[in-house]
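See below for the structure under consideration.
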Amino acid sequence: MKKGKKKILFVASEADPFIKTGGLADVAGSLPQALIEEGHDVRLVIPQYRQIPKKYKDRMESVCHFRTKLAWRDTYLGVNKLVEDGVPVYFIDNQYYFDRDSIYENEDKHEQFAFFSQAVLDMLPVIGFKPDVIHANDWQTGPLPLLFADRYRQQSYYQDIKTVFTIHNLRYQGQFDGHAAGDVLGVAPHHWASGNIRHNGLLNYMKAGIMYADHITTVSESYANEIQTSYFGEGLDYALRLRADDLSGILNGISYDKFDPETNKNLAVRFSKGEVDKKIANKVHIQQKMGLEVNGDKPLIGFISRLVEQKGLDLVKTVFDEIMATGAQFLILGTGQREYEEFFKAKQREYPDNLSVNIKYDAQLADQIYAGSDMFLMPSRFEPCGLSQLISFRYGTIPVVRETGGLNDTVVAYNEETGEGTGFSFANYNAHDMLHTIERAVSFYNKKGIWNKLVNRVMNLDYSWHNSAQKYSELYRQLTGDEEQRLLQKGDESKVQIKVYEPDLKPKSDVKVKKNKASKKISINQAEAVELAELPGIGDAYAERIVSYREQNGDFTKKSDLTKVKGIGKKKYQKISKLLTL
Ligand code: ADP
């Protein structure tokens, strides 16, 4: 293989077109191909779920099967393979773990994904593939960097491999009873004792990925910064701050082949840049199909999403009647929390001509909505990257978004002074700010000259994978030392900064916190239990006792009152008091 070209194993719990519940599947289904186009040898590995369509199972070839041990369990491990769009895809086969009614909603999911993570590592010498980088994704593969540090990196076959862990959504962390650390993952006790895989007294797969990967990425630069704050950090912001030097944001792309208005067979009328009238024909088609009033001049707002709190549905609920009063039509496709499903179903009865509510998952209908809508609403509370605004751009649909995460990085607010911009946006998570932004978008929709310019502009944007794949390539090269080599060869030694990362043996969190806290102490009257728990000598149990003492008795008036907290004797007090202030 050419220099600078790497062997990459991309590990995910879902990948389009085999199995999809969300944006992760889009990424795992398209980034590997983009990396192959960059010249790398990339392979993808996912579990072989029952739900994978037969047409793919029929194409799989058996690569190998053997027995392995998951802690004390003797288990079967099969590896099957097919090649899809030039990407070799491995499927981890074990009927006990993956032949299930549900993909993620199983009582023993900690065991399913511990098995998956370990199976990926176990299969490598057997299939004869030695990657330069293993790229794991989200909590389901969080155990992989941990297992790697615990007992694989020490073996010669694995020693040069680097691990990358990408966070697609920090909200979903995989939290389980701590017993599983030994009983299922079979890792040495110090990983738990150090706090590296523990959060709020539970085993946390996301934290394991964060603490043990050589590098962590997330799917936009804004989200990479946001998750280091307590508002967006989902309780793990302290862990992300500890790893801040090894954390970066790389924006997702979308497949420009799959989402192509010129070739997509799901569309009523295919169209190219500049063919605004054909876009309107798609709107008329979807209005007819959904039983809405058919009127090419009415602005149509699309909303395709999981119906969960993250997506800003509280805002939509609060001002729904006012949104309908703008004269726009609203088309919803999604499934999720019952309260939202019920709300929209009830509203449909009030607005039969202007509201269409579709509580289902339907990829074909989604394409038709993207193509037929004038605007696409995403008022998310947080949004790691968001793919829907990028898909909307591709189909000339103007996003109306809250400025957070990837939405902030991709949608430029329309500026009527300069005429610049690619969408409409608002900053605060506030229903009336959203409403005003929708009203503003509708008012510009009625100025055809301006609107058509916007439509043409967004259709010319490039959010294909190409740029992002180059950034991942750069990261892989840096991690595997190529960049240093290149600089050394050029004789440019001054620029070489070789970072050595030592993830496991020392309880890293403690070491760093100690350093930080030397200059800044933690206040016992203000700190939350999670912050206190990170201090050496405190830990979860004492932290919780300190906080509950404070809740019951009010603020500490002097530090030595800590000795009144159950279990804190003189010795313990002396040890921890220097880290604390009132
Ligand atoms: P998330 O990963 O948080 O769900 P993203 O915007 O990153 O959100 O990705 C969501 C993807 O799933 C998009 O491709 C979107 O079009 C698709 N999608 C969401 N809900 C549905 C649905 N009900 N039917 C079809 N596609 C959907």
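Considering the range 81-93 alone, what residues qualify as being touching a Lys or Arg at 6+ places or on another chain (Cβ under 6 Å) and open to solvent by less than 10 Å² (accessible area, probe 1.4 Å)?
The answer is 82, 90.
Residues in the range 1-49 that are among the polar types (S, T, N, Q) and surrounded by fewer than 22 Cβ atoms within 10 Å (Cβ to Cβ): how many?
Count: 2.
Within the range 105-136, restricting attention to residues that are hydrophobic (A, V, I, L, M, F, W, C) and under 21 Å from the mean Cα position of the chain (by Cα), which residue is nearest to residue 192 (Cα to Cα)?
Going through the qualifying residues, I end up with 114.
Which residues, counting only those in the range 174-207, are surrounded by fewer than 23 Cβ atoms within 10 Å (Cβ to Cβ), assigned to a helix (DSSP H, G or I) and out of contact with any strand residue (DSSP E or B) (no Cβ under 6 Å at 6 or more places or on another chain)?
179, 182, 183, 189, 190, 193
So which of 423, 386, 396, 405 ends up being away from the ligand (no atom under 15 Å from the Cβ) and not β-branched (Val, Ile, Thr)?
Selected residue: 396, the only one of 423, 386, 396, 405 that is away from the ligand (no atom under 15 Å from the Cβ) and not β-branched (Val, Ile, Thr).
Hey, does the range 255-266 have a residue that's more than 16 Å from the ligand (Cβ to nearest atom) and of a type in the set (Ser, Thr, Tyr)?
Scanning the range 255-266 turns up at least one residue that is more than 16 Å from the ligand (Cβ to nearest atom) and of a type in the set (Ser, Thr, Tyr).
Take residue 336 and tell me if it is within 13 Å of the ligand (Cβ to nearest atom) and either more than 24 Å from residue 408 (Cβ to Cβ) or under 21 Å from the mean Cα position of the chain (by Cα) (or both).
Yes; evaluated as a whole, the condition is true for this residue.
Filter the strands (runs of 3 or more DSSP E) completely within the range 287-406 down to those with at least 1 residues that are over 21 Å from residue 459 (Cβ atoms) and of a type in the set (Lys, Arg).
The qualifying strands (runs of 3 or more DSSP E) are 398-402.
Counting only residues that are within 18 Å of residue 476 (Cα to Cα) and in contact with a Cys (Cβ under 9 Å, 6 or more places away or on another chain), how many does the range 200-232 have?
Here the count works out to 3.
Taking the stated definitions as given, is residue 326 within 30 Å of residue 233 (Cβ to Cβ) and at pLDDT 95 or above?
No; evaluated as a whole, the condition is false for this residue.
Tell me, which residue of the range 255-267 that is surrounded by 18 or more Cβ atoms within 10 Å (Cβ to Cβ) and modelled with pLDDT of 95 or more is farthest from residue 29 (Cα to Cα)?
267
Looking at the range 137-173, which of its residues are of a type outside the set (A, V, I, L, M, F, W, C), part of a loop (DSSP other than H, G, I, E, B) and either more than 22 Å from the chain's Cα centre (by Cα) or away from the ligand (no atom under 16 Å from the Cβ) (or both)?
Scanning the range 137-173 gives 142, 153, 154, 155, 156, 157, 158, 159, 160.
Any residue at all in the range 268-288 that is touching a residue at least 24 places away in the same chain (Cβ under 8 Å), open to solvent by 50 Å² or more (accessible area, probe 1.4 Å) and within 16 Å of the ligand (Cβ to nearest atom)?
The answer is no; no qualifying residue exists.
Conditions (1) under 23 Å from residue 17 (Cβ atoms); (2) touching a residue at least 24 places away in the same chain (Cβ under 8 Å); (3) open to solvent by 20 Å² or more (accessible area, probe 1.4 Å); (4) away from the ligand (no atom under 15 Å from the Cβ), marked per residue:
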{"position": "305", "(1), (2), (3), (4)": "yes, yes, yes, no"}
{"position": "328", "(1), (2), (3), (4)": "no, yes, no, yes"}
{"position": "354", "(1), (2), (3), (4)": "no, yes, yes, yes"}
{"position": "370", "(1), (2), (3), (4)": "yes, yes, no, no"}
{"position": "380", "(1), (2), (3), (4)": "no, yes, no, no"}
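Return a yes/no flag: does the range 230-243 have any residue that is within 28 Å of residue 302 (Cα to Cα) and open to solvent by less than 50 Å² (accessible area, probe 1.4 Å).
Yes, the conditions are met somewhere in the range 230-243.
Mind checking whether some residue in the range 537-552 is surrounded by 19 or more Cβ atoms within 10 Å (Cβ to Cβ), at pLDDT below 80 and within 18 Å of residue 235 (Cβ to Cβ)?
Checked the range 537-552: at least one residue is surrounded by 19 or more Cβ atoms within 10 Å (Cβ to Cβ), at pLDDT below 80 and within 18 Å of residue 235 (Cβ to Cβ).
Suppose we filter the range 52-80 for residues that are open to solvent by less than 80 Å² (accessible area, probe 1.4 Å) and in contact with a Lys or Arg (Cβ under 9 Å, 6 or more places away or on another chain); how many remain?
Within the range 52-80, residues that are open to solvent by less than 80 Å² (accessible area, probe 1.4 Å) and in contact with a Lys or Arg (Cβ under 9 Å, 6 or more places away or on another chain) number 5.
Among the residues that make up the range 129-144, is at least one of them without any contact (Cβ under 8 Å) to a residue 60 or more places away in the chain, closer than 22 Å to residue 46 by Cα and open to solvent by less than 20 Å² (accessible area, probe 1.4 Å)?
no
Just to be sure I understand, how many residues within the range 356-368 are within 8 Å of the ligand (Cβ to nearest atom) and surrounded by 17 or more Cβ atoms within 10 Å (Cβ to Cβ)?
Of the residues in the range 356-368, 3 are within 8 Å of the ligand (Cβ to nearest atom) and surrounded by 17 or more Cβ atoms within 10 Å (Cβ to Cβ).
Would you confirm, using the coordinates I've provided, whether residue 53 is closer than 19 Å to residue 141 by Cβ and away from the ligand (no atom under 16 Å from the Cβ)?
Judged against the criteria, residue 53 is not a match.
What pairs come out if I take residues in the range 47-65 that are within 16 Å of residue 95 (Cβ to Cβ) and pair them with residues that are open to solvent by 50 Å² or more (accessible area, probe 1.4 Å) and in a strand (DSSP E or B) whose C-beta lies under 9 Å away, six or more apart or interchain?
Within 9 Å, the pairs are 60/81; 62/81; 65/76.
Scan (1) surrounded by fewer than 18 Cβ atoms within 10 Å (Cβ to Cβ); (2) under 24 Å from the mean Cα position of the chain (by Cα); (3) more than 28 Å from residue 172 (Cα to Cα); (4) touching a residue at least 40 places away in the same chain (Cβ under 8 Å) for the single condition residue 477 breaks and write down its number.
Going through the list (1) surrounded by fewer than 18 Cβ atoms within 10 Å (Cβ to Cβ); (2) under 24 Å from the mean Cα position of the chain (by Cα); (3) more than 28 Å from residue 172 (Cα to Cα); (4) touching a residue at least 40 places away in the same chain (Cβ under 8 Å), residue 477 breaks only (1).
Given the options 210, 216, name the one that is closer than 18 Å to residue 405 by Cα and not in a loop (DSSP other than H, G, I, E, B).
216
The values are calculated or read from the model by the stated rules, or taken from the named source; none is laboratory data. Everything numeric here is computed off the predicted structure, so don't read it as measured data. Positions of Cβ are backbone-derived with ideal geometry, glycine not excepted, and every protein chain shown enters the neighbour counts. Quick note on the areas: whole protein, heavy atoms, side chains included, nothing else; ligands and nucleic acids left out. Shrake-Rupley method; radii C 1.70, N 1.55, O 1.52, S 1.80 Å.
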